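Some notes on the structure that comes next.
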Amino acid sequence: MGRLRLPAWLRRGLEAGLFAALLSLLTVLALTWEHQGPGPVILPTGIGAGLVLALPVLSIGVLTVAYEVALAATKGDAILGALAAWIVAADLLAITTVAMGQELLLVGQGVTVPLGVVASVFAAPVALGGLLAAELFTPFGFGRRAGRLAAIAGTAVATPILLFIVPLVA
């Protein structure tokens, strides 16, 4: 029986998703180290809440899409790989934070939610914005130029989310 050969877009999607999840786990470890007591973590007020979630949102939303789009061979590979990478990164972070029991208390809503779920929800429009910009505003929808545009557009979408929407929710 031969070796199982994964398509290139799936292999790169797994790579990007795993790397983004590992990068996001730095925030989880920092919050665990800082908040030693029992109970959920409370995000700081104001822009500090967005800064706490900046690394997970940017790594899951921007890195996964830009990596895939820049290295894809076709437009279909770019789209499928970016979706696979986002799903892998978001799921790994969510599963890890649920297993660790690290929850955020969203004071405005009065609920506790795992950190990975919150970061994944905020990273979804970032990833979608980057992917749409790369596919709609470049001639081919893949390659280095499209990857650069995906990173810039994803960061542009993430900035108001992290500066205005996250502090409102926290």
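The values are calculated or read from the model by the stated rules, or taken from the named source; none is laboratory data. Here the structure is a predicted model, which is why all the values come from computation and not from measurement. Neighbour counts are summed over all protein chains in view; Cβ atoms, including those assigned to glycine, are modelled from backbone coordinates with ideal geometry.
Any idea which residue in the range 68-88 is nearest to L23 (Cα to Cα), counting only those that are surrounded by fewer than 24 Cβ atoms within 10 Å (Cβ to Cβ) and among the charged types (D, E, K, R)? That would be D77.
Yes or no, residue by residue, for (1) modelled with pLDDT of 95 or more; (2) closer than 13 Å to A151 by Cα:
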{"site": "V62", "(1), (2)": "yes, yes"}
{"site": "K75", "(1), (2)": "no, no"}
{"site": "W86", "(1), (2)": "yes, no"}
{"site": "V98", "(1), (2)": "no, no"}
{"site": "G108", "(1), (2)": "no, no"}
{"site": "V111", "(1), (2)": "no, no"}
{"site": "L115", "(1), (2)": "no, no"}
{"site": "V126", "(1), (2)": "yes, yes"}
{"site": "A133", "(1), (2)": "yes, yes"}
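Annotation for the range 52-67: at least one member residue is surrounded by fewer than 19 Cβ atoms within 10 Å (Cβ to Cβ), free of Cβ contacts under 8 Å to residues at least 60 places away in the same chain and out of contact with any Gly (no Cβ under 7 Å at 6 or more places or on another chain). Within the range 123-148, how many residues turn out to be buried (at least 21 other Cβ atoms within 10 Å of the Cβ) and either closer than 13 Å to I60 by Cα or free of Cβ contacts under 8 Å to residues at least 40 places away in the same chain (or both)? Residues flagged as buried (at least 21 other Cβ atoms within 10 Å of the Cβ) and either closer than 13 Å to I60 by Cα or free of Cβ contacts under 8 Å to residues at least 40 places away in the same chain (or both) within the range 123-148 amount to 7. Residue-level check: of (1) in contact with a helix residue (DSSP H, G or I) (Cβ under 9 Å, 6 or more places away or on another chain); (2) of a type in the set (A, V, I, L, M, F, W, C); (3) in a helix (DSSP H, G or I); (4) closer than 20 Å to V41 by Cα, L104 misses just (3). Out of A73, A85, A99, one residue alone is assigned to a helix (DSSP H, G or I) and touching a helix residue (DSSP H, G or I) at 6+ places or on another chain (Cβ under 9 Å). It is A85.
Screening I42 against (1) surrounded by fewer than 20 Cβ atoms within 10 Å (Cβ to Cβ); (2) farther than 26 Å from A170 by Cβ leaves a single unmet condition, (2). With the condition kept exactly as written, say whether any residue in the range 97-105 is small (G, A, S), out of contact with any His (no Cβ under 9 Å at 6 or more places or on another chain) and within 21 Å of V52 (Cβ to Cβ). Yes, some residue in the range 97-105 is small (G, A, S), out of contact with any His (no Cβ under 9 Å at 6 or more places or on another chain) and within 21 Å of V52 (Cβ to Cβ).
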